[in-house]
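Participant: Below is one structure. I have some questions about it.
The values are calculated or read from the model by the stated rules, or taken from the named source; none is laboratory data. Only a predicted model underlies this, so the values are computations on that prediction, with no experimental measurement involved. Glycine gets a Cβ as well: all are built from the backbone with ideal geometry, and neighbour counts include every protein chain shown.
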Amino acid sequence: MSSSDFDEFDAFAGYEAQSLSARAMPGGPPGDAAYLDGLNPEQRAAVETLDGPVLVLAGAGTGKTRALTCRVAHLLRTGRARPNEIFAVTFTNKAAREMKERVGALVGGAVEGMPWLGTFHALCAKLLRRHAELAGLKPNFTILDTDDQLRLLKQLIAAENIDEKRWPPRMLAGLIDRWKNRGWTPANLPADEAAAFGGKGGRLYADYQERLRTLNAADFGDLLVHVLTIFQAHPEVLATWRGRLRYILVDEYQDTNVAQYLLLRLLAAEHRNICCVGDDDQSIYGWRGAEVGNILRFEQDFPGAAVIRLERNYRSTPHILAVASEVIAANERRLGKTLWTDETEGEKVRLIGHWDGEEEARWIGEEIEALTRGTRGMEPVSPEGIAILVRASFQMRAFEDRFLNIGLPYRVIGGPRFYERLEIRDAMAYFRLAVSPDDGLAFERVMNRPKRGLGEKAAQSVNLIARERGLTLVDAARALVAEGGLTARARGALGRLLEAIDRWHEAVRAGADHVALAETILDESGYVDHWRNDRAPDSAGRVENLKELVKALEQFENLQGFLEHVALVMDNEQEDGAAKVSIMTLHAAKGLEFPVVFLPGWEDGLFPSQRSMDENGLAGLEEERRLAYVGLTRARRLAVVSFAANRAVFGRWQSALPSRFIDEMPPEHVEVLTPPGLHGGPRGRAAVAGGRGAAGADGRLRAIEGLAGVVRGSELEERAARAGAYDSPGWRRMQARRAAPSAAPVVIDARAAPAFALGERVFHQKFGYGAVQAIEGDKLTVDFEKAGVKKVVAGYVTAADDVPF
DNA sequence: ACGGGTCGTATTTTT
DNA sequence: TACGACCCGT
């Protein structure tokens, strides 16, 4: 590991030679500070106030990223800081990557040596590797994934004879996470917290940390807490880093938790060169331990701080801004900003109610098709300019189903992630073993995968030996084999596995080509074959994923580097070029923007989420409202809010009232559309009759009526039509399409619908391999080898490439 | 040890 | 619905 753990001063050595001229500049900016041109006065202040504490309150769409990247460039160009002296923290890996790119574009290659730009977790991992011994770890400690963590906790809970049903491991994981977010170690855990989890919380926490240390492992929260603890307990270490990291930059400051806040305060205490950028109105990670208080309190923490407000919005139309501002104004706990824009033109925010979630999805699909053709009174919008932002991921399904049906290309952002897939984690556990054969968790995971006849009993024996003799799991397994434990059969299997692990490890040590080695491992372990022979329809997809994984390895120097990357950077961006509509959660949408944004599911209970309100009361509601604000402000030209009167949840029908956030939208900036399903038919009336029993519902309904009257059937529909709010030819056309679902499919993007020949062998991620039986338009009938005959959209299959693994 | 069946319960949001 | 935990027969 230590080889990839490069020293930032090495990196710096390369930099110094080429940038001496820039550093020699005395004081002021260099002559060609073109990056300062075009900044507005506030942005400029944010860029040029380099020394001392600075808080930049940046509203949505106010050019925050630009100011931030310019600031870094400015620090470098003025010679104020060298690349390795800037500690720049972003919230996501994506943001880090983006910043790296943009700074690079501004100042040229010099950013190569910016080793301290990344997420809190990535930066802390780096720091912790340097000082691992101070936390009782070795520098090559492994970073646990959620799976490993849960398995470990489960064992501990079982060992304590606690009923797993009443006290689920997930709950304990949540608790421990919360404690770590606050910077609490088992030693300084408050007594009332330790009493959680049936009185055994504190005890289990201590046990868990102990186990982690034995396994030479750290979980996500540990990365922060260990570094924090080290800084607190070792002033000389802290002093070193204070001297090295002279300029601190924090993006999305509103999302920092207590541990992160304490860490920053320690690092910045002396030089006080800390610049925090954030927007209290976009604090949406309270459930993960984020403390809005951090940003609200900044001026007290750093007296004399310069506070700069970015309020000029360059993104959205005035209508969108007005609606977003009005909604967020209902929050009490905020610093308060007033977004403004020079723009005067633009569409109002659209609002529409539907009978149920399915219809909502159908309508949005049709609306998107219309938008891409430019028939909605706007210039045509390309599919990649359109996003659907949902509150919870289960809402995505309705859209996926519908879009698959009509052949509308889409992509789910942040869905089930590549590196979280079962087969990928298994494969990675094998890689971990090859790198460090004493990785007990990895061993446990793959010991009987594929099935080798090493079941529960064998696992227990190994565990028992390990505990009795204080050995690692792998060493315990070795002992068991050597001493003739287990049945002959099991012993043979275990012995072969251990031999293989030794062989792979030897290959790693000998510096064998890691891509080839990975293939060997997957082959020799029998893991790929196991999926090849599996008869489940999705097993072919898994084999494909494994190929993909091996391909991904090529971009890394060795297995170690790859594993570190995956542990910290769980995202995977696969740009495949085709123009697609994006579907994602509101959380995932933060920091992004789209010409057109659909915001479905605005129903009380779903959004704002009932759970949020139950668990966190008013604070929970306010966070939901910030989520609404984030959603609305993603839109540049058009935002469409919708809700459904009925929705299938767990396969059970539930009716709901429109979201209270809808009441908060200013009517003069909203255009109300009449839903196609509510034109006088019995369904429409039922929609009004159903789900209106609750007390207070009448008031709510009246409020909506004032704004919308959306769920009211033909009378209001006519009124809306008279008011010109609804484009009735378009509506009739949609009706026609609804009545004739088999009408010719609309091909949005020719690239998304490649041509296939009859009989051609194709691959589908979900259904595996098959032969094309029939083609109509962009729809194929495919006889899948394992999943049977299915109709699929051509965009979702690829020509099969039977490259041997 | 393992596969197949039934039953119960769960769904925010993610580094 | 959909995935797991659990039970049973092989």
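Yes/no per residue for (1) under 22 Å from the mean Cα position of the chain (by Cα); (2) farther than 20 Å from A:ASN294 by Cβ; (3) free of Cβ contacts under 8 Å to residues at least 40 places away in the same chain:
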| position | (1), (2), (3) |
| --- | --- |
| A:GLN43 | no, yes, no |
| A:VAL47 | no, yes, yes |
| A:HIS74 | no, yes, no |
| A:ARG80 | no, yes, no |
| A:ILE86 | no, yes, no |
| A:THR90 | yes, no, no |
| A:LYS94 | yes, yes, no |
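Participant: May I pose another question? Surrounded by 18 or more Cβ atoms within 10 Å (Cβ to Cβ) and more than 14 Å from DNA strand B (Cβ to nearest atom): does that describe A:GLU554?
Facilitator: In short, no.
Participant: Would you check if A:LYS100 is within 30 Å of A:ILE328 (Cβ to Cβ) and surrounded by fewer than 23 Cβ atoms within 10 Å (Cβ to Cβ)?
Facilitator: Details: within 30 Å of A:ILE328 (Cβ to Cβ): no; surrounded by fewer than 23 Cβ atoms within 10 Å (Cβ to Cβ): yes.
Considered against the rule, which asks whether it is within 30 Å of A:ILE328 (Cβ to Cβ) and surrounded by fewer than 23 Cβ atoms within 10 Å (Cβ to Cβ), A:LYS100 comes out as no.
Participant: Quick check: is even one residue across the range A:120-128 away from DNA strand B (no atom under 13 Å from the Cβ) and either of a type in the set (A, V, I, L, M) or without any contact (Cβ under 8 Å) to a residue 60 or more places away in the chain (or both)?
Facilitator: Checked the range A:120-128: at least one residue is away from DNA strand B (no atom under 13 Å from the Cβ) and either of a type in the set (A, V, I, L, M) or without any contact (Cβ under 8 Å) to a residue 60 or more places away in the chain (or both).
Participant: Specify which of the listed residues (A:GLY202, A:GLY221) is in the same structural domain as A:LYS94 (by the TED database) and part of a helix (DSSP H, G or I).
Facilitator: A:GLY221
Participant: I would also like to ask the following. So which residues in the range A:161-177 are in contact with a Lys or Arg (Cβ under 9 Å, 6 or more places away or on another chain) and away from DNA strand C (no atom under 16 Å from the Cβ), if there are any at all?
Facilitator: A:ASP177 - this is the single residue of the range A:161-177 that is in contact with a Lys or Arg (Cβ under 9 Å, 6 or more places away or on another chain) and away from DNA strand C (no atom under 16 Å from the Cβ).
Participant: Taking into account only those residues within the range A:630-670 that are buried (at least 24 other Cβ atoms within 10 Å of the Cβ) and closer than 19 Å to A:TYR314 by Cα, which is nearest to DNA strand C (Cβ to nearest atom)?
Facilitator: So, considering only residues that are buried (at least 24 other Cβ atoms within 10 Å of the Cβ) and closer than 19 Å to A:TYR314 by Cα, the one nearest to DNA strand C (Cβ to nearest atom) is A:GLY631.
Participant: Which ones in the range A:585-608 are small (Gly, Ala, Ser) and part of a loop (DSSP other than H, G, I, E, B)?
Facilitator: A:GLY591, A:GLY601
Participant: As an exercise: evaluate A:LEU137 against (1) within 14 Å of DNA strand B (Cβ to nearest atom); (2) assigned by the TED database to the domain that holds A:TYR253 and give the number of the one condition it does not meet.
Facilitator: All conditions are met except number (1).
Participant: Scan A:ARG402, A:ARG350, A:ARG391 and give me the residue that is touching a residue at least 24 places away in the same chain (Cβ under 8 Å) and surrounded by 22 or more Cβ atoms within 10 Å (Cβ to Cβ). Please lay out each step first, then the result.
Facilitator: Numbers: A:ARG402 fails: surrounded by 22 or more Cβ atoms within 10 Å (Cβ to Cβ); A:ARG350 fails: surrounded by 22 or more Cβ atoms within 10 Å (Cβ to Cβ).
Unique residue meeting the criteria: A:ARG391.
Participant: Got at least one residue in the range A:159-167 being at pLDDT below 90 and assigned to a helix (DSSP H, G or I)?
Facilitator: Yes, because at least one residue in the range A:159-167 is at pLDDT below 90 and assigned to a helix (DSSP H, G or I).
Participant: Would you list the strands (runs of 3 or more DSSP E) that sit entirely within the range A:287-403 and hold 2 or more residues that are closer than 30 Å to A:CYS275 by Cα and touching a helix residue (DSSP H, G or I) at 6+ places or on another chain (Cβ under 8 Å)?
Facilitator: Counting at least 2 such residues, we get A:306-310.
Participant: Output the number of the condition that A:ASN331 fails; it satisfies all remaining conditions of (1) surrounded by 22 or more Cβ atoms within 10 Å (Cβ to Cβ); (2) farther than 20 Å from A:THR585 by Cα.
Facilitator: (1)
Participant: Mind checking whether some residue in the range A:630-644 is within 15 Å of DNA strand B (Cβ to nearest atom) and at pLDDT below 95?
Facilitator: Within the range A:630-644, none of the residues are within 15 Å of DNA strand B (Cβ to nearest atom) and at pLDDT below 95.
Participant: For the range A:141-162, indicate whether the set of residues that are over 28 Å from A:ARG469 (Cβ atoms) and surrounded by 17 or more Cβ atoms within 10 Å (Cβ to Cβ) is non-empty.
Facilitator: Of the residues in the range A:141-162, the ones over 28 Å from A:ARG469 (Cβ atoms) are A:146.
Okay, now just the ones that are also surrounded by 17 or more Cβ atoms within 10 Å (Cβ to Cβ), so none.
The answer is no; no qualifying residue exists.
Participant: Filtering the range A:377-403 down to residues that are polar (S, T, N, Q) and within 16 Å of DNA strand C (Cβ to nearest atom), which residue is farthest from the chain's Cα centre (by Cα)? Even if it seems obvious, please write down each step before you answer.
Facilitator: Taking the range A:377-403 and keeping what is polar (S, T, N, Q), we get A:382, A:393, A:395.
Then drop every residue that is not within 16 Å of DNA strand C (Cβ to nearest atom), which leaves A:393, A:395.
Working: A:SER393: 12, A:GLN395: 16 Å.
Looking at the filtered set, the residue picked out is A:GLN395.
Participant: A follow-up question, please. Can you find, within the range A:404-422, the residue that is nearest to the chain's Cα centre (by Cα) among those that are under 17 Å from A:ALA589 (Cα atoms) and within 15 Å of DNA strand B (Cβ to nearest atom)? Break it down into steps so the answer makes sense when it comes.
Facilitator: Restricting attention to the range A:404-422, the residues satisfying the condition of being under 17 Å from A:ALA589 (Cα atoms) are A:410-417.
Narrowing the set further to residues that are within 15 Å of DNA strand B (Cβ to nearest atom) leaves A:411-417.
On the way: A:ARG411: 14, A:VAL412: 11, A:ILE413: 8, A:GLY414: 5, A:GLY415: 8, A:PRO416: 10, A:ARG417: 9 Å.
The extreme case among them is A:GLY414.
Participant: Filter the range A:593-622 down to the residues that are more than 8 Å from DNA strand B (Cβ to nearest atom) and over 30 Å from A:ARG362 (Cβ atoms), then identify the one that is surrounded by the most Cβ atoms within 10 Å (Cβ to Cβ).
Facilitator: Once the filter is applied, the top-ranked residue is A:GLU622.
Participant: Moving on to the next point. Taking A:GLU400, is it more than 20 Å from A:VAL596 (Cβ to Cβ) and within 16 Å of DNA strand B (Cβ to nearest atom)?
Facilitator: It is false that A:GLU400 is more than 20 Å from A:VAL596 (Cβ to Cβ) and within 16 Å of DNA strand B (Cβ to nearest atom).
Participant: Just one of the numbered conditions (1) within 16 Å of DNA strand B (Cβ to nearest atom); (2) at pLDDT below 90 is not true of A:LEU106; which one?
Facilitator: Of (1) within 16 Å of DNA strand B (Cβ to nearest atom); (2) at pLDDT below 90, only one is false for A:LEU106: (1).
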